[in-house]
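What follows is calculated from the coordinates using simple rules that are stated; it is not laboratory data. Please read all numbers here as calculations on a predicted model, not as lab measurements. All Cβ positions, even for glycine, are placed from backbone atoms using ideal geometry, and neighbour counts span all protein chains on display.
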Amino acid sequence: MSKIEQPKTYTGTELETIFFRPMFSGPDARSLGIKVMYNMPVPTTLQFWKRAEDILHKYTAAGWNGGASAQKFQKTIDMQRVKAEISYSADEYFNLIYEKVINCNGDMDDLSGTELEDAETSLFKETIAESIRATMWLGDTSRSGSYSTFDGFLKRIFADISGGETDIAHTTMPALTEPGEAELVLKEVWDNSSTVLREFKQQGNLVYLVTSDIYMFYEDALDNVFLDSAYQAKQNGRERLSYRGIPVIDVQLSGYLPALKDMPQSFAILTDRRNLALAVNTNDFPGTEVKMWYNPDLMENRQRAVFMAGCDYLLPELISLAYRS
């Protein structure tokens, strides 16, 4: 127990390599369906390059016929300083840490300091990552209470839709009652998308970001297809879904949305992965740290993280949306 009580503070390189970079790189980051920007130069900007068109010219023996440069789109992401804090009773914390350790090595008699530290950091990282992920979608700084540290994608997208003229293709949809209706929603979002967005399909970065109801209804519809492959998939499950070759990703917000009446309760977004970006910074601001310690007066273990975070989208013409309030 004494080892768990030892205070630990991570700053600088340790903060990056032990805590945050593993959370925002690799397959787990890509599974979010968006662009993740970690410790990018400040101010952090979301950039998108559009290739120059028709650069071919008739050949001449001399001279320069160069055309216009590639078009660059850029938006600065509004970064907010945030703080994550958790406290556990000593007994609860002890049980959680030991559960992490036993799941890793299965030997309760061999608890080195490193293994305990890994268990502690794993416990806190999971909580931070999920809080960032939820706020990335549901955040609203004008809200009091939960998920108000920075504005999320939904707040930014819907603010532009309701703000007058917009290039965001959007439509409302009824509540789904039959599996086949999910496919109709995906088709409608595709049909309503801009020509520019559809042309990006060949680059392999388009993605459907949908709520769980649409995802599950669509999977049910695939189960009802009378093919041997569909029968096998129904038994074995599917690692991932796609529609017309475009990945369909469940944003997994069903546990949050019912309590947030200011957010759409169901939606499907078609976009390019590079058009939505989450930015996290632990490098360029003073006071960023992760700290874990034991408070003997209250007999509880405490964890705190201070860092910067924000998110935004860049081009409205690269978004097509269907939603239900």
**Förster radius 56 Å - calculated FRET efficiency between residue 299 and residue 30, Cβ distance, rounded to 0.05** = 0.85
**Asked** How much length is gained on full extension from residue 202 to residue 94, taking 0.36 nm per residue of separation minus their Cα-Cα distance?
**Response** 33.8 nm
**Prompt:** Non-local amide H neighbours of residue 319 (under 5 Å, H modeled in plane, Pro and chain starts lacking H): which ones?
**Reply:** 169
**Prompt:** Residue by residue, what Karplus-based ³J(HN,Hα) values in Hz, rounded to whole numbers, does segment 149-160 have, using 6.51, -1.76 and 1.60 with θ = phi - 60° and x for Gly and Pro?
**Reply:** 7, 8, 6, x, 4, 5, 4, 6, 5, 6, 5, 6
**Prompt:** When ranked by the protection proxy of mean other Cβ atoms within 10 Å per residue, highest first, what sequence do the peptides 289-296, 308-315 form?
**Reply:** 308-315, 289-296
**Asked** Within a Cβ distance under 13 Å of residue 246, other residues only, what is the Lys/Arg minus Asp/Glu net charge?
**Response** +4
**Message:** Need the full-extension length gain, residue 126 to residue 18, defined as separation in residues times 0.36 nm minus the C-alpha distance. One decimal, nm.
**Reply:** 37.6 nm
**Asked** Too long at a 26 Å Cα-Cα cut-off: which of 155/187; 8/125; 35/291; 72/187?
**Response** 35/291; 72/187
**Request:** Kindly write out, for segment 315-325 in residue order, the coupling ³J(HN,Hα) from the Karplus curve 6.51 cos²θ - 1.76 cosθ + 1.60 (θ = phi - 60°), rounded to whole Hz, with x marking Gly and Pro.
**Result:** 10, x, 6, 9, 10, 10, 9, 10, 8, 9, 7
**Asked** Of all GluC sites (Glu not before Pro) in segment 120-207, which ones are in loop regions per DSSP and have a Cβ with at most 16 other Cβ atoms within 10 Å?
**Response** 165
**Fill in**
Simple spin-label estimate for residue 212/residue 192, 7 Å along Cα→Cβ, in nm, reads 2.4 nm
**Item:** Charge tally in the Cβ shell below 13 Å around residue 205, where Lys, Arg are +1 and Asp, Glu are -1, residue 205 excluded
**Value:** +4
**Fill in**
Once residue 56 and residue 162 are pulled to full extension, the length gained, defined as 0.36 nm per residue separation minus their Cα-Cα distance, is 34.0 nm
